[in-house]
Each structure stands twice: as structure tokens, then as C-alpha cells.
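Asker: Right, I'll just put the structure down here and ask away after.
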Amino acid sequence: MMVFVSCAGDQAKTSANIQLVEDYVEAVENLDYDAMSNYLAEDYMGYGPSRNDSINKLDGVASWKLNVETLYEKIDYKRSRNMAVVVSDGDNAGEWVSNWAELEITYQGDLPSVTILANTIYKIENGKIARSFTFYNEADALEQLGYVFINPNEL
């Protein structure tokens, strides 16, 4: 009986964590930075996509607000999938949800749309997103926007 209750409790927590991430993703798709802010813990930190990128909640929400007002027309999560996991020990112990998605980003103005494969891993604490790590190929997105990369050694 104890095992069943424990498993049921874990399953309910896992479902709640996945729902939190799905609600956050919906807020991103709706370009609703106020709703996004509600899903983030006060001490939230986001990392990526580049190795040294990091942003706190206040700056993250301000950045999203600027992007919504000046850059993005629409963001669609296509083929979005979530998986919850609990890391039992070590530096990253805790409850996590990983989201894999193909993102279609439509920009304002004359910029073309881009499609990228992205993975964001969210750490959940007390019903909020406390940390996130986002991975995608920035060069791929820039190439789709028309940027050309030149190796300076070949000049």
C-alpha cells in the first residue's frame, strides 16, 4: 500500500510539472510575457543557448517584452514533447522537465521565418520554474535569416 501511494504521489507531481511547462510554452506561443513571468520563480535563472548566456527573471521578462514588441510576430512549438525526471543526487538533484520541440519563429517585418530544433530543460521547485537550460543551433537560425558565415582563415 505504501508503494502505491508513493507512486501515485510521484505520478501526480510529474503530471503537475509537465502541465506547468506546457502552460509556460503556451504563454510563449501567445507572446504573453506577463503569464510567462507568473510561471517563473523569483530567483529564476535561465541559461543558453550559448555556453555563457544567462539571465534572471527580471531581465528575462524584460527581454521577452522587448522581443514581443519589436521582433517576434509568432512562435509555434511544433512536435513539442515533454518528459519529466527526478534526479536523486548531485549538483542537479531535483525535479526536471525536458521539452523537445521544432520551433517555427515568424518575425515582424520582412524577415523570413525560421525553423529550429530546440531542447529546454526546466528545473521545477515549489510549483515554479526555477532554472532552465536551452539548447539550439544559433548559426542555423542566422543562416535561415540570410547571414553568411565566412572563415577568416580563408580570406
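Asker: Taking the conditions exactly as written (surrounded by 13 or more Cβ atoms within 10 Å (Cβ to Cβ) and of a type in the set (S, T, N, Q)), does Asn92 satisfy them or not?
Answerer: Judged against the criteria, Asn92 is not a match.
Asker: Given the condition modelled with pLDDT of 90 or more and either of a type outside the set (A, V, I, L, M) or over 21 Å from Lys123 (Cα atoms) (or both), answer yes or no: does some residue in segment 1-9 qualify?
Answerer: Scanning segment 1-9, I find no residue that is modelled with pLDDT of 90 or more and either of a type outside the set (A, V, I, L, M) or over 21 Å from Lys123 (Cα atoms) (or both), so the answer is no.
Asker: Could you check segment 136-155 and list, in sequence order, the residues that are exposed (fewer than 15 other Cβ atoms within 10 Å of the Cβ) and either in contact with a strand residue (DSSP E or B) (Cβ under 8 Å, 6 or more places away or on another chain) or under 21 Å from Leu66 (Cα atoms) (or both)?
Answerer: Within segment 136-155, Asn137, Glu138, Asp140, Leu142, Leu145 meet the criteria.
Asker: With Ile116, Ile150, Ile129 as the choices, which residue is within 14 Å of Val25 (Cβ to Cβ) and of a type in the set (Val, Ile, Thr)?
Answerer: Answer to the check: Ile129.
Asker: In segment 128-155, what residues are of a type in the set (S, T, N, Q) and either within 27 Å of the chain's Cα centre (by Cα) or part of a loop (DSSP other than H, G, I, E, B) (or both)?
Answerer: Hits for segment 128-155 are Ser132, Thr134, Asn137, Gln144, Asn151.
Asker: A further question on this structure: How many residues are among the small types (Gly, Ala, Ser), farther than 12 Å from Ile129 by Cα, more than 12 Å from the chain's Cα centre (by Cα) and surrounded by 14 or more Cβ atoms within 10 Å (Cβ to Cβ) when one looks only at segment 17-53?
Answerer: 1
Asker: Going by what's in this entry, would Tyr44 be described as in contact with an Asp or Glu (Cβ under 7 Å, 6 or more places away or on another chain) and outside any helix (DSSP H, G or I)?
Answerer: Here the answer is no, as Tyr44 does not meet what is asked.
Asker: Could I ask something else about it? (1) within 22 Å of Asn38 (Cα to Cα); (2) among the acidic types (Asp, Glu); (3) part of a loop (DSSP other than H, G, I, E, B): which one isn't true of Asp110, the others all being true?
Answerer: In the conditions (1) within 22 Å of Asn38 (Cα to Cα); (2) among the acidic types (Asp, Glu); (3) part of a loop (DSSP other than H, G, I, E, B), Asp110 misses (1) alone.
Asker: Shifting gears a bit: Tally the residues that are surrounded by 10 or more Cβ atoms within 10 Å (Cβ to Cβ) and on the phi > 0 side of the Ramachandran plot, restricting the search to segment 124-135.
Answerer: 1
Asker: Further question on the same structure: Can you report the number of residues in segment 55-82 which are part of a strand (DSSP E or B) and exposed (fewer than 13 other Cβ atoms within 10 Å of the Cβ)?
Answerer: The number of residues fulfilling the criteria is 3.
Asker: Has segment 66-81 got at least one residue that is hydroxyl-bearing (Ser, Thr, Tyr) and over 17 Å from the mean Cα position of the chain (by Cα)?
Answerer: Yes, because at least one residue in segment 66-81 is hydroxyl-bearing (Ser, Thr, Tyr) and over 17 Å from the mean Cα position of the chain (by Cα).
The values are calculated or read from the model by the stated rules, or taken from the named source; none is laboratory data. This is a predicted model, so every value here is computed, not measured. Every residue, glycine among them, receives a Cβ derived from its backbone with ideal geometry; neighbour counts consider all protein chains shown.
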